[in-house]
Amino acid sequence: MSYDDQNIFAKILRGEIPCDKVYEDEFSLAFRDINPQTPVHVLVIPKGRYVSLDDFTVKADREEIAGFFSAVGTVARELGVDESGYRVLANHGRDAHQEVPHFHVHIFAGRSMRGMVPKAPTE
Ligand code: DGP
């Protein structure tokens, strides 16, 4: 899948659409999810053009990958959820129902989260 420069996170990175920014550095931008699933729900995205985690880990260089994942930890600490706990999730592709085709990591926190993944639908 090729990168779509019109995806919503590309527009946020270009400043064409506003976001509730919580962190930014050389490699990454973090902002609050528009549709929060937990009291704290923040998205961390790389500044480079990567469709998903798969694309990122194939194409990004080591410095970018290290910088990005380091930023995820920094954001969680700055949000003050490192003591209480948090969940990190990245959706890749169809089965994971990835909606936005720019790699992003969700940080969920602020309440207890039971169950690793939703149960399979019963038909
Ligand atoms: P995913 O299914 O992993 O691709 O999740 C995409 C997330 O992006 C979803 O939780 C909602 C969020 N989202 C979609 N559009 C916007 C937007 O314009 N602004 C912000 N802050 N979040 C968005």
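Within the range 11-28, can you find the residues that are closer than 14 Å to Val42 by Cα and either at pLDDT below 95 or in a loop (DSSP other than H, G, I, E, B) (or both)?
Hits for the range 11-28 are Cys19, Asp20.
Under 9 Å between Cβ atoms, at least 6 apart or on separate chains: pull out the pairs that start in the range 1-23 with a residue that is touching a residue at least 60 places away in the same chain (Cβ under 8 Å) and end on any residue that is in a helix (DSSP H, G or I) and within 13 Å of the ligand (Cβ to nearest atom).
Close Cβ pairs (under 9 Å, with a partner that is in a helix (DSSP H, G or I) and within 13 Å of the ligand (Cβ to nearest atom)) amount to Tyr3/Ala10; Asp4/Ala10.
For residues in the range 19-32 being within 23 Å of Ala109 (Cα to Cα) and not hydrophobic (A, V, I, L, M, F, W, C), which is surrounded by the most Cβ atoms within 10 Å (Cβ to Cβ)?
Checking each candidate, the answer is Ser28.
Could you list, in sequence order, the residues of the range 33-56 that are within 22 Å of Ala109 (Cα to Cα), part of a loop (DSSP other than H, G, I, E, B) and more than 10 Å from the ligand (Cβ to nearest atom)?
Of everything in the range 33-56, those that are within 22 Å of Ala109 (Cα to Cα), part of a loop (DSSP other than H, G, I, E, B) and more than 10 Å from the ligand (Cβ to nearest atom) turn out to be Thr38, Pro39.
With the structure loaded, tell me whether Glu83 is within 13 Å of the chain's Cα centre (by Cα), assigned to a loop (DSSP other than H, G, I, E, B) and of a type outside the set (S, T, N, Q) or whether it fails that test.
no
Could you say which residue among Pro46, Pro39 is surrounded by fewer than 16 Cβ atoms within 10 Å (Cβ to Cβ) and either among the aromatic types (Phe, Trp, Tyr) or at pLDDT 95 or above (or both)?
Pro39
Need pairs with beta-carbon distance below 7 Å; first residue more than 13 Å from Phe103 (Cα to Cα) and within the range 63-75, second among the polar types (S, T, N, Q); sequence gap 6+ or separate chains.
From residues that are more than 13 Å from Phe103 (Cα to Cα), the pairs are Gly67/Ser28; Ala71/Ser28.
The values are calculated or read from the model by the stated rules, or taken from the named source; none is laboratory data. On a predicted model such as this, the values are computed, not experimentally measured, just so you know. For neighbour counting, all protein chains shown are included, and Cβ atoms are generated from backbone atoms with ideal geometry for every residue, glycine included.
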